[in-house]
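See below for the structure under consideration.
The values are calculated or read from the model by the stated rules, or taken from the named source; none is laboratory data. Not measured: the values here are computed from a predicted model. Cβ: placed from backbone, ideal geometry, glycine included. Neighbour counts: every protein chain shown.
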Amino acid sequence: MSQTITVAPPKELWRHSGPEATYLEHFRYYVNKRHDLSLQTYDDIHEYSTSRYADFWEDVFYYSDIIHTGSYSKVVDTSAPMDTIPKWFDGVRLNLAENILYGPGRNPNKLAVTSIREGNTDVCSVTWGELRTLVARYAAAFRNAGVEPGDRVAIVASNTLNTMLVFLAVTALGAIFTSTSTDMGTKGVLDRLLQVRPRIVLMEDFAVYAGKRTNLKQKAIEVASALKNTPEFEKFIVCPRGAEVGDISQISKSQSLATFLATKKPITREQLFPQHAFNTPYLIAYSSGTTGQPKCIVHGAGGVLISQKKELLLYYNIGPSSTQMIFTTTSWAMYNKSITSLLTGAHIITYDGSPFHAAPTVLLEIAAQHKVTHLGISPRYLEELERRRVEPKKQFDLSALEMVNCTGAALLPQQYAWFYDTAFGAHVQLANSAGGTDTACCFAAQVPSLPVYAGELQRPALAMDIGVFEASSSPSDGSGSTRGVPVPRGQPGELVVRKPFPSMPVMFWGAGGAERYHSAYFSQFADVWTQGDYIRIVASTGGVEFLGRSDGVLNPSGVRFGSAEIYSVVQHFPTILDSICVGQRRPRDTDERVFLFVHMRPGEKFTGELEAEIRAAIRKALSARHVPRYIFECPELPMTINGKKVEVPVKAVISGKRVVASATLANAGCLGFFERFARVEELVGEEGRARLFHAMRISMTETINLMIQEQRRRDAQFSEVCDLGYDGAKEEMIGSEDDSKGIKHLG
């Protein structure tokens, strides 16, 4: 018998009190006047920005006062296929650093940058005038060292004023900047630098995190030694964390930062800001590289400049009176965002160290002291505040705060509730945005003129013609790519972009870069960019839900869903610290099986009762089809050094594949734990149970009881799914009876 399900309308959590005063609304008036249009809503603007994307980007170019020379005959060739990486504003010349340092709103006496060390210590502030002087000094040193356009300059350092000065000086000269954080291991650093072959490398001598001081001298010796035989490498600059640098004689081609900067040759503004073609390379970023060498993604100055102008003004509503602090390391894509926030004349704050040392509220303390208007953090940070029972609005004066931006992962619906009910209050916009290291821009983002709803990004970004695709049943077009077809609104699928955008990477660095570029983004579907994210457009609101990486999408018996759906349920269990949900499909398997691994909080135990509760909660909140086949406890989850859990290596390992983990993983050794699950039948068979009883000291009585509970659960799920008329699930359960029994406990 069919049932009618009534879905409650989404609850509005936030709405701007004066949207007419935002840059987005000003821009709408500007476009209407410039083109004699009458765009009324954000959706009107978005339609215009995708159907007339060349006009839109020209509007942004002039609206945002980009400093440039030269002229262009057309914004972009709209007839060029997207995978040819069309040129933008061909004929325009500019300098990214000049646009940062000399754009509107940069009064020489106005505060530009405040640099803060861990625990709100070593606070150092500089004005715009002082920042320009310092950048000129650094640029003169690099120029006198022979750095030219196209040379790579790398830095292994923390998020400080010194690192920012290196970034601005290098980009000012037209050279290419690249960075990694000090917590990355030597192999991870060399996986990157040996590919890009820098002319100069800078590295800090010490790192401090969570109160622990780490000497980086041995890492410096190893990195310099590995690079010394590359023909491009000339200097290794040691940057002291304290007043002086120690003995560096063992480091190849080394000198101190003070010696490097002690140049007597001044530099003119023309020498400091040479003009370059619109998309001259300025930055090399890296893919996560969790299962191999990272891809070296080269971004162009003009494309990132105009994309960041669009986002900072129209989404963030950041201007000269704003103060922004983004918690990030120099290895993360958000590091670039933190510096380019200067493009609007805003005051920015850099922070080096743990966000929870010496107190869990240190970032909030800084936000209150410096009247931060825009705070950038991760969903994990909010999760920790909630776990530690921090209530920011009761403890600090955050009346200046306008927006908290979360990126790096999707916010869970319950985090929105906690944010507004307990943490920050109704005057703050909780913004969840999603982009990529590879695009240097957002696919979907916050919109100041629209309401916020739990669990979704407010809208697709302007001029990002995103679609939700699935593979067509029709043959390939001959290029190896499948012709994708849009799914119905509200259904999940692959995130694609159907029109070119200025911040597409200009290339991948190294031999075979063009082939790797095409393979990464254009090999799955013909004629569109495929990002590798699994999303859906919310039918009732037009918002965007990110359901997980598509290479980690779960597909048991043909039912596709994202791991984020499972996490949204598991998050409610207070005894579970975190979890990871992946699919297993080995060469001999005819179907995929879903595994959920839970990491318990210290002192908490994983029990059969808890497993039953998890299964019941997933079934109730989602469906019987979402319930994992297996739930195991694990001692830790694989995480990148930026604190993001990674699913793909776990999926590969339990599917019996050999995985060579990248140094990007902070705890690569934990993958060994998951290898046993490639033989999961042995773990749940009789001999396997005996081994588990001994290893885990689980009593036979307890285990038998748990096995009975599991069998009852399987029987109930079988009945429920059959009632739904889902024959595929029925066949899958019947055909895999042997490995569907037993509760599993592994520590």
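Some observations on this one:
- Checking each residue in the range 267-282 for being under 16 Å from GLU148 (Cβ atoms) and touching a residue at least 40 places away in the same chain (Cβ under 8 Å) picks out ILE267, GLN271, LEU272, PHE273, PRO274, GLN275, HIS276, ALA277, THR280, PRO281, TYR282.
- From ASP59, ASP36, ASP77, ASP65, residue being of a type outside the set (A, V, I, L, M) and either touching a helix residue (DSSP H, G or I) at 6+ places or on another chain (Cβ under 8 Å) or assigned by TED's automatic domain parsing to the domain that holds PHE278 (or both): ASP59
- One residue stands out in the range 22-40 among those that are of a type in the set (Ser, Thr, Tyr) and over 29 Å from the mean Cα position of the chain (by Cα): the one that is surrounded by the most Cβ atoms within 10 Å (Cβ to Cβ), namely TYR30.
- When PRO649 is tested against (1) closer than 30 Å to TYR335 by Cα; (2) surrounded by fewer than 19 Cβ atoms within 10 Å (Cβ to Cβ); (3) touching a Leu at 6+ places or on another chain (Cβ under 7 Å), only condition (2) is not met.
- Within the range 380-429, the set of residues being out of contact with any helix residue (DSSP H, G or I) (no Cβ under 8 Å at 6 or more places or on another chain), aliphatic (A, V, I, L, M) and assigned to a helix (DSSP H, G or I) comprises just one member, ALA417.
- Any hit, the range 180-195, residues being surrounded by 24 or more Cβ atoms within 10 Å (Cβ to Cβ), closer than 28 Å to ASN95 by Cα and among the basic types (Lys, Arg): yes
- Candidates in the range 119-136 are the residues that are buried (at least 17 other Cβ atoms within 10 Å of the Cβ) and more than 26 Å from LEU363 (Cβ to Cβ); of these, the one that is nearest to the chain's Cα centre (by Cα) is VAL135.
- When residues of the range 65-90 are limited to those that are in contact (Cβ under 8 Å) with a residue 60 or more places away in the chain and among the small types (Gly, Ala, Ser), the one farthest from THR127 (Cα to Cα): ALA80
- Qualifying residue in the range 46-67 (condition: out of contact with any Gly (no Cβ under 8 Å at 6 or more places or on another chain) and within 30 Å of TYR420 (Cα to Cα)): yes
- Residue pairs meeting the criteria (Cβ under 8 Å; at least 6 apart or on separate chains; first of a type in the set (Phe, Trp, Tyr), in the range 565-588; second assigned to a helix (DSSP H, G or I)): PHE573/LEU610; PHE573/GLU613; PHE573/ILE614; PHE573/ALA617
- All positions within the range 588-625 that are more than 15 Å from GLN571 (Cβ to Cβ) and part of a helix (DSSP H, G or I): GLY608, GLU609, GLU611, ALA612, ARG615, ALA616, ARG619, ALA624, ARG625
- Qualifying residue in the range 5-15 (condition: buried (at least 19 other Cβ atoms within 10 Å of the Cβ) and under 31 Å from the mean Cα position of the chain (by Cα)): yes
- Identity of the residue in the range 626-638, touching a Phe, Trp or Tyr at 6+ places or on another chain (Cβ under 7 Å) and outside any loop (DSSP other than H, G, I, E, B), that ends up nearest to MET600 (Cα to Cα): GLU633
- Among the strands (runs of 3 or more DSSP E) confined to the range 99-170, the ones with at least 1 residues that are in contact with a Gly (Cβ under 8 Å, 6 or more places away or on another chain) and assigned by TED's automatic domain parsing to the domain that holds THR230 are located at 111-117.
- Residue match in the range 505-512 (condition: part of a loop (DSSP other than H, G, I, E, B), within 18 Å of the chain's Cα centre (by Cα) and more than 11 Å from PHE469 (Cβ to Cβ)): yes
- Pick from the range 297-334, criterion at pLDDT below 95 and not β-branched (Val, Ile, Thr), ranking: nearest to PRO505 (Cα to Cα): ALA333
- Selection count, the range 201-233, where residues are within 13 Å of SER254 (Cα to Cα), of a type outside the set (Lys, Arg) and part of a helix (DSSP H, G or I): 7
- Residue check for ILE116: surrounded by 20 or more Cβ atoms within 10 Å (Cβ to Cβ), farther than 30 Å from THR328 by Cα and modelled with pLDDT of 95 or more: no
- Counted residues, the range 67-113 - those being small (Gly, Ala, Ser), more than 29 Å from the chain's Cα centre (by Cα) and at pLDDT 95 or above: 6
- Taking every residue in the range 254-266 that is over 16 Å from GLU204 (Cβ atoms) and pairing it with any residue that is buried (at least 17 other Cβ atoms within 10 Å of the Cβ), at least 6 positions away or on another chain, the pairs with Cβ-Cβ distances below 7 Å are THR263/ALA140; THR263/ALA141; LYS265/ALA140; PRO266/ALA140.
- Condition broken by ASN336, with the remaining ones in (1) more than 23 Å from PHE61 (Cα to Cα); (2) surrounded by fewer than 23 Cβ atoms within 10 Å (Cβ to Cβ) satisfied: (1)
- Number of the condition not met by ALA463 [criteria: (1) buried (at least 24 other Cβ atoms within 10 Å of the Cβ); (2) of a type in the set (A, V, I, L, M); (3) part of a strand (DSSP E or B)]: (3)
- Scanning the range 615-637 for residues that are free of Cβ contacts under 8 Å to residues at least 60 places away in the same chain and crowded, with 21+ Cβ neighbours inside 10 Å yields a single hit, ILE618.
- Taken over the range 613-663, residues that are farther than 30 Å from THR180 by Cα and not polar (S, T, N, Q) amount to 22.
- Test set (1) modelled with pLDDT under 90; (2) hydroxyl-bearing (Ser, Thr, Tyr); (3) over 14 Å from the mean Cα position of the chain (by Cα) - THR422 fails condition number: (1)
- Out of ALA368, ALA358, sole residue that is touching a Gly at 6+ places or on another chain (Cβ under 8 Å), in the same structural domain as LEU190 (by TED's automatic domain parsing) and surrounded by fewer than 20 Cβ atoms within 10 Å (Cβ to Cβ): ALA358
- TYR48 of a type in the set (Ser, Thr, Tyr), farther than 30 Å from ARG241 by Cα and surrounded by 19 or more Cβ atoms within 10 Å (Cβ to Cβ): yes
- A single entry from ILE576, ILE580 fulfils the requirement of being among the aliphatic types (A, V, I, L, M) and either within 17 Å of LEU554 (Cβ to Cβ) or modelled with pLDDT under 95 (or both): ILE580.
- All positions within the range 268-279 that are crowded, with 22+ Cβ neighbours inside 10 Å and either at pLDDT below 90 or within 18 Å of GLY513 (Cβ to Cβ) (or both): ASN279
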